[in-house]
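Q: Following this message is one structure expressed as structure tokens.
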Amino acid sequence: MGIKVAKFGGSSLCDAEHFRRVKAIVESDTDYCYVVPSAPGKRFDADEKITDLLYQCHRQVERGRSHEEIFKKIADRYIKIARDLALDFDVTEMLLETSDAIRRYKNPDFAASRGEYMNAVLLSKYLGWDFIDAQDVIKFDRQGSFAAEWTNEVLTEALKNHPRAVIPGFYGSYPNGDVHTFSRGGSDISGAIVARAARADVYVNWTDVSGFMMADPRIVKNPKVIRELSYAELRELSYMGATVLHEDAIFPVHKAGIPTNIRNTNAPQDPGTMIVMQPTSKREDQQVITGIAGHKNFTLLSIEKAMMNAELGFGRRVLQALEDFGVSFEHLPTGIDTMSVVIADKELVTRKDQIIQRIQQTCQPDSIEISAGIALIATVGHGMSSTPGTAAKLFNALYEAGVNIRMIDQGSSEMNIIVGINIEDFETAMNAIYRAFVKD
Ligand code: ASP
């Protein structure tokens, strides 16, 4: 028998019907030992997330106003879920206590955490499993940074006493016991932490899509789902803006060598995406590339100076100018007498002129050209390094689509090729690359 930890997102627990699906999933496989729920999410587009409503309650309290009207919307959701599931549990008492505590504590993190807390209480009653409060087992230090090793010790001990349990996502506590939350979407992190402490064989992250897509579906029509992805590929893609999992959810499971499976609560028969430590040698029905992701709004600084390559410390002085103004850069493609630095626009907003001036002073270049309006696209895949012609295919696809390439950077792992293009070409380029590599 193995151990599985399941995290269910807010849309997977938005109403009683979804609670039933969740129960069917965890009961269909005895390996499921621990479940980490989010707070109820939206049931339809215009609906409100419980977490958002809880933050609104807190804001009312902070302004000295009544939060009751907003809290009633929250209460109605939980009451309906409990009633529809015919739970033998008095939700009203829990709701009254919660509303009162939000008013008394005046603490935004505490208020926000109650969505997960109450949902986990309901789910544990519905499944007939134990409840472990995350406040007791997920630890932050006094500065609010997650205390990974401390948590792992405490949680591992706690799990020993509970063969099956529901543990609310999103929050934990400071050393003094006060509630503290992760950033938004943080239940993904809680699930990964529980998977590590439970020494799970797999962390199953149940959401509302059947896995990680090869490209952003808002740009490329009906992209394929990635069947297998390595943690390294995932890092590259999410760094470029592809999201399914909270970024910080990767570390605990990666560290413990546990694969993550992204699955769809509304289509449990779909295998979803498996995120693994190392790519398996034979990736079935997978393409040469694993995925494409991109980001807009970068600036390219192109610095030119004759004999630059012979000048000791030139690169360091350019980067020093950035560091002095607290600016981090994304890429650094270089030529013999040229050096380009790709920087996110948001980093440059107020500091562009000062940085240019500093580079002029310390490097005395022949010219500095500034090109704003650059988009970056990363084409990622372990398969690329062993398949000749990958770069040729990519550049040819862009050529045929009439896209001018402003910059090229191939990571030394040969796992990705990044191209810089003009923002106007972003959608065209994404589609061209996708079509060149992905066969229907
Ligand atoms: N409920 C929290 C949020 O809306 C955490 C989560 O869903 O992961 O951000």
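Q: Quick check on my filter: what residues within region 1-41 are within 10 Å of the ligand (Cβ to nearest atom) and not polar (S, T, N, Q)?
A: 7, 8, 9, 10, 13, 36, 37, 39, 40, 41 - these are the residues of region 1-41 that are within 10 Å of the ligand (Cβ to nearest atom) and not polar (S, T, N, Q).
Q: Now, a different point. Using the structure shown, decide if residue 275 is more than 27 Å from residue 207 (Cβ to Cβ), surrounded by 18 or more Cβ atoms within 10 Å (Cβ to Cβ) and modelled with pLDDT of 95 or more. Write out each step before concluding.
A: Values: more than 27 Å from residue 207 (Cβ to Cβ): no; surrounded by 18 or more Cβ atoms within 10 Å (Cβ to Cβ): yes; modelled with pLDDT of 95 or more: yes.
So residue 275 does not fit the description; no.
Q: Still on this structure, I have one more. Quick check: anything in region 277-289 more than 16 Å from the ligand (Cβ to nearest atom) and closer than 20 Å to residue 191 by Cβ? Don't jump to the end; show me each part of the working.
A: Looking only at region 277-289, we keep the residues that are more than 16 Å from the ligand (Cβ to nearest atom), and these are 277-289.
Checking the rest, the ones that are also closer than 20 Å to residue 191 by Cβ come to 277.
Yes, some residue in region 277-289 is more than 16 Å from the ligand (Cβ to nearest atom) and closer than 20 Å to residue 191 by Cβ.
Q: In region 155-172, what residues are closer than 19 Å to residue 248 by Cβ and more than 16 Å from the ligand (Cβ to nearest atom)?
A: In the first step, residues of region 155-172 are kept if they are closer than 19 Å to residue 248 by Cβ; the result is 155, 167-172.
The answer is 155, and nothing else.
Q: Go through region 193-212 and count every residue that is away from the ligand (no atom under 13 Å from the Cβ) and in a strand (DSSP E or B).
A: The total comes to 3.
Q: Spot the failing condition for residue 218; the list is (1) away from the ligand (no atom under 16 Å from the Cβ); (2) farther than 25 Å from residue 342 by Cβ; (3) more than 17 Å from the chain's Cα centre (by Cα); (4) not aliphatic (A, V, I, L, M), and only one is missed.
A: All conditions are met except number (2).
Q: Anything in region 122-158 that is buried (at least 22 other Cβ atoms within 10 Å of the Cβ), under 21 Å from residue 25 (Cα atoms) and touching a residue at least 40 places away in the same chain (Cβ under 8 Å)? List them, or say none.
A: Once the filter is applied, which keeps residues that are buried (at least 22 other Cβ atoms within 10 Å of the Cβ), under 21 Å from residue 25 (Cα atoms) and touching a residue at least 40 places away in the same chain (Cβ under 8 Å), region 122-158 yields 122, 123.
Q: Under 8 Å by Cβ, and 6 or more places apart or on different chains, what pairs join a residue from region 44-57 that is small (Gly, Ala, Ser) with one that is within 10 Å of the ligand (Cβ to nearest atom)?
A: Sorted first by the residue in region 44-57, then by its partner, the list stays empty.
Q: Shifting gears a bit: Can you pull out the residues in region 27-47 that are in contact with a helix residue (DSSP H, G or I) (Cβ under 7 Å, 6 or more places away or on another chain) and either part of a helix (DSSP H, G or I) or not hydrophobic (A, V, I, L, M, F, W, C) (or both)?
A: Pass one, region 27-47, residues in contact with a helix residue (DSSP H, G or I) (Cβ under 7 Å, 6 or more places away or on another chain): 32, 34-42.
Matches in region 27-47: 32, 34, 37, 38, 40, 41, 42.
Q: Every residue in region 239-257 that is under 15 Å from residue 4 (Cβ atoms) and crowded, with 23+ Cβ neighbours inside 10 Å, please.
A: Correct list: 253 only.
Q: Might you let me know whether region 63-85 holds any residue that is more than 15 Å from the ligand (Cβ to nearest atom), closer than 26 Å to residue 144 by Cα and free of Cβ contacts under 8 Å to residues at least 24 places away in the same chain? Write out each step before concluding.
A: Just the residues of region 63-85 that are more than 15 Å from the ligand (Cβ to nearest atom), to begin with: 63-73, 75-76, 79-85.
Okay, now just the ones that are also closer than 26 Å to residue 144 by Cα, so 63.
Now drop any that are not free of Cβ contacts under 8 Å to residues at least 24 places away in the same chain, which leaves 63.
Scanning region 63-85, I find at least one residue that is more than 15 Å from the ligand (Cβ to nearest atom), closer than 26 Å to residue 144 by Cα and free of Cβ contacts under 8 Å to residues at least 24 places away in the same chain, so the answer is yes.
Q: If you take just the helices (runs of 4 or more DSSP H) that sit entirely in region 269-373, which of them hold at least 3 residues that are closer than 26 Å to residue 424 by Cβ?
A: Details: elements: 314-324, 345-348, 352-363.
Per the criteria, 345-348, 352-363.
Q: What are the residues in region 213-240 that are of a type outside the set (Phe, Trp, Tyr), more than 19 Å from residue 263 (Cβ to Cβ) and either outside any loop (DSSP other than H, G, I, E, B) or free of Cβ contacts under 8 Å to residues at least 24 places away in the same chain (or both), if any? Working first, answer last.
A: The initial filter retains those residues of region 213-240 that are of a type outside the set (Phe, Trp, Tyr), namely 213-230, 232-238, 240.
Keeping just the survivors that are more than 19 Å from residue 263 (Cβ to Cβ) gives 215-216, 218-222, 232, 235-236, 240.
Within region 213-240, 218, 221, 222, 232, 235, 236 meet the criteria.
Q: Sticking with this structure for a sec: Being touching a Gly at 6+ places or on another chain (Cβ under 9 Å) and crowded, with 19+ Cβ neighbours inside 10 Å is the filter here, so list the residues in region 168-177 that pass it.
A: Residues of region 168-177 that are touching a Gly at 6+ places or on another chain (Cβ under 9 Å), as a first pass: 168-171, 174.
Listed by number, the residues that qualify are 168, 169, 170, 171.
Q: So, of the residues in region 86-105 that are in contact (Cβ under 8 Å) with a residue 12 or more places away in the chain and exposed (fewer than 13 other Cβ atoms within 10 Å of the Cβ), which turns out to be farthest from residue 131 (Cα to Cα)?
A: Once the filter is applied, the top-ranked residue is 92.
Q: If residue 56 passes every condition in (1) of a type outside the set (Ser, Thr, Tyr); (2) surrounded by 14 or more Cβ atoms within 10 Å (Cβ to Cβ); (3) within 16 Å of residue 122 (Cα to Cα) but one, which one does it miss?
A: (3)
Q: Name the pairs whose Cβ atoms lie under 9 Å apart, with the first residue in region 397-409 and touching a residue at least 60 places away in the same chain (Cβ under 8 Å) and surrounded by 12 or more Cβ atoms within 10 Å (Cβ to Cβ), the second of a type in the set (Gly, Ala, Ser) and in a helix (DSSP H, G or I), and 6 or more positions between them or separate chains?
A: 408/391
Q: Looking only at residues in region 383-404 that are at pLDDT 95 or above and either among the β-branched types (Val, Ile, Thr) or assigned to a loop (DSSP other than H, G, I, E, B) (or both), which one is nearest to residue 220 (Cα to Cα)?
A: The qualifying residue nearest to residue 220 (Cα to Cα) is 401.
Q: In addition: If I ask for residues that are more than 20 Å from residue 55 (Cα to Cα) and away from the ligand (no atom under 13 Å from the Cβ), which ones from region 174-192 would you list?
A: Across region 174-192, the qualifying residues are 175, 176, 177.
Q: Quick test for you: out of 344, 321, 378, pick the one residue that is hydrophobic (A, V, I, L, M, F, W, C) and touching a residue at least 60 places away in the same chain (Cβ under 8 Å). Before the answer, list the steps.
A: On the way: 344 fails: touching a residue at least 60 places away in the same chain (Cβ under 8 Å); 321 fails: touching a residue at least 60 places away in the same chain (Cβ under 8 Å).
From the options 344, 321, 378, the qualifying one is 378.
The values are calculated or read from the model by the stated rules, or taken from the named source; none is laboratory data. Note that the structure is predicted; figures quoted are calculated from it, not measured. Quick reminder, even Gly has a Cβ in these numbers, built from the backbone with ideal geometry, and neighbours come from all protein chains shown.
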